[in-house]
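The values are calculated or read from the model by the stated rules, or taken from the named source; none is laboratory data. On a predicted model such as this, the values are computed, not experimentally measured, just so you know. Here the Cβ is made from the backbone with ideal geometry for all residues, glycine too, and neighbour counts use every protein chain on show.
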Amino acid sequence: MQLARRAHKRRSRFIVLVFAALCAAVALSVVPLASAHADEIGTDEYDFIFSGNVKNDSVPLEDVLIQVDGNGYKAEVVTDAEGKWRIGVPEKAEYEITLDESTLPEGVIVTEGGATKTEEFGLTKNKSVNFFLGEGVRVTVSVWDQLAERAVNGLNFGLMLALAAIGASLVFGTTGLSNFAHSEFVTFGAIMALVFSTFIGLPIWLAIPIALILSAAFGFVLDLGLWRPLRRKGVGLVQLMIVSIGLSLALRYVFQYFIGGGTYQLPGAGAAKIMLFGTVGLTVTDMVSMGVSVVVLLAVAYWLQRTRVGKATRAISDNPSLAAASGIDVDRVIRIVWILAAALAGLSGILWAYFRPGIKWDMGSGILLLIFAAITLGGLGTAFGALIGSMVVGMIVEVSTLWIPSDLKYVGALVVLILVLLVRPQGLLGRRERIG
């Protein structure tokens, strides 16, 4: 009964943490929402701006989707009531501007020049792009083709999300800490790959292993210099959670100080897609990313199931006191878990930089809530639950854009999380605890 009560307390604290995270996300989003408009994106962040005015026979068309893709950068907006739109881009380069014809009124199509235009800036930082519209029959992509394309993207996203979520889940299982600074592990790995590949000039195949080694060392140093001393002093989980929030903010602005507020690309970002079947296409980088993710996840599963340290990790997650009484060096295992979690998060950050695409000083914070959602959905403290939860979240995030605006796709994943927890509070693979 005592063990059940302790387990219940740990889960209650995590629920409080997730609620605090959601509140923080809402609070941080208040200012951007107050100043942003549906018809523009990136105009405050970047100096180079594409703009246009969508009209049919002098009649402005509202809610028409415009997409920009090029040089490893992607963005999209919808036109306002006057048919106007604006998109900021990070640098002066060649971009593809696409008008999504499926968002045009019935019977209206792009009549000249095609729905996709290749544009670049001249002597100024502003470029006007307009499409010629008229009456006609629209050729559309079938729902099944769109579903297949988004499902493949969801699988790719879910695999890279699982790398980060499993590490955070192992940390929570062995220490009880919900680490808000885990998102900065994600950013750190991507930044190290950027430094050694783009800034120093090493080949990307060499820069990535170096970045992973440094990510693992980063996890070791943080545990040795911060988390272990706090554990030995008996600091409570709530206090540790607050420390992790402060550490997250501090690291985030350290990253910004060193690399600035711009968006950087890793070598090979923005490569052409290879069509596989129907409208589904993947770049070579996407294929390598998915293959690496699967191999690493299988290796982690083997480590947990077959090695002594992996079994000790599972034992500590189930019952730390009993594991210590059985002769397991708990501090040593926790240190290994921190190293592994940081390395997995670093790899996730590198793959996320190719998927986004681009590297920014706060890129990890963009998926922190999704990491927590995957862990909670799969079952707290279970690595395999985090894997299943990540795949579910990844699929929902990408496939849901068939029916909801892409700006709300992360919200859809959190709504599904709430619905699942209402039916199964312990998560998909979590164990139901008896209280009292």
**Study point:** Flag for Leu402 being among the aliphatic types (A, V, I, L, M), modelled with pLDDT under 85 and closer than 30 Å to Glu40 by Cβ
**Key:** yes
Exercise for review: Quick one: in the range 123-169, of everything that is in a strand (DSSP E or B), at pLDDT below 85 and not charged (D, E, K, R), which residue is surrounded by the most Cβ atoms within 10 Å (Cβ to Cβ)?
Suggested key: Leu133
Check your understanding: If the Cβ limit is 7 Å and pairs must be 6+ apart or interchain, which residue in the range 237-256 that is at negative phi pairs with which residue that is assigned to a helix (DSSP H, G or I) and of a type in the set (Ser, Thr, Tyr)?
Key -> Ser248/Ser183; Arg252/Ser365; Phe255/Thr187
Review point. Of these, Ala413, Ala343, which one is closer than 30 Å to Tyr264 by Cβ and in contact with a Gly (Cβ under 8 Å, 6 or more places away or on another chain)?
Key: Ala343
Practice item. Spot the failing condition for Gly261; the list is (1) in a helix (DSSP H, G or I); (2) in contact (Cβ under 8 Å) with a residue 60 or more places away in the chain; (3) not aliphatic (A, V, I, L, M), and only one is missed. Key: (1)
Review point. If we keep just the residues of the range 170-213 that are over 18 Å from Ala386 (Cα atoms) and not in a helix (DSSP H, G or I), which is modelled with the lowest pLDDT?
Key: Gly201
Check your understanding: Which pairs have Cβ atoms under 7 Å, sit 6 or more apart or on different chains, and link a residue in the range 109-137 that is within 19 Å of Asn71 (Cα to Cα) and in contact (Cβ under 8 Å) with a residue 12 or more places away in the chain to one that is charged (D, E, K, R) and part of a loop (DSSP other than H, G, I, E, B)?
Key -> Thr118/Glu94; Glu120/Glu94; Phe121/Lys92; Lys125/Asp47
Exercise for review: Take Leu202 and decide whether it is without any contact (Cβ under 8 Å) to a residue 12 or more places away in the chain, surrounded by 12 or more Cβ atoms within 10 Å (Cβ to Cβ) and either over 21 Å from Ala168 (Cα atoms) or of a type in the set (A, V, I, L, M, F, W, C) (or both).
Suggested key: yes
Review point. Among Leu347, Leu351, Leu370, which is farther than 25 Å from Arg231 by Cα, aliphatic (A, V, I, L, M), in contact with a Phe, Trp or Tyr (Cβ under 7 Å, 6 or more places away or on another chain) and part of a helix (DSSP H, G or I)?
Key: Leu370
Practice item. Give me a count of the residues in the range 146-192 that are of a type in the set (D, E, K, R) and closer than 30 Å to Asn53 by Cα. Key: 2
Exercise for review: Would you mind finding the one in Ala269, Ala217 that is modelled with pLDDT of 90 or more and closer than 24 Å to Ala353 by Cα?
Suggested key: Ala217
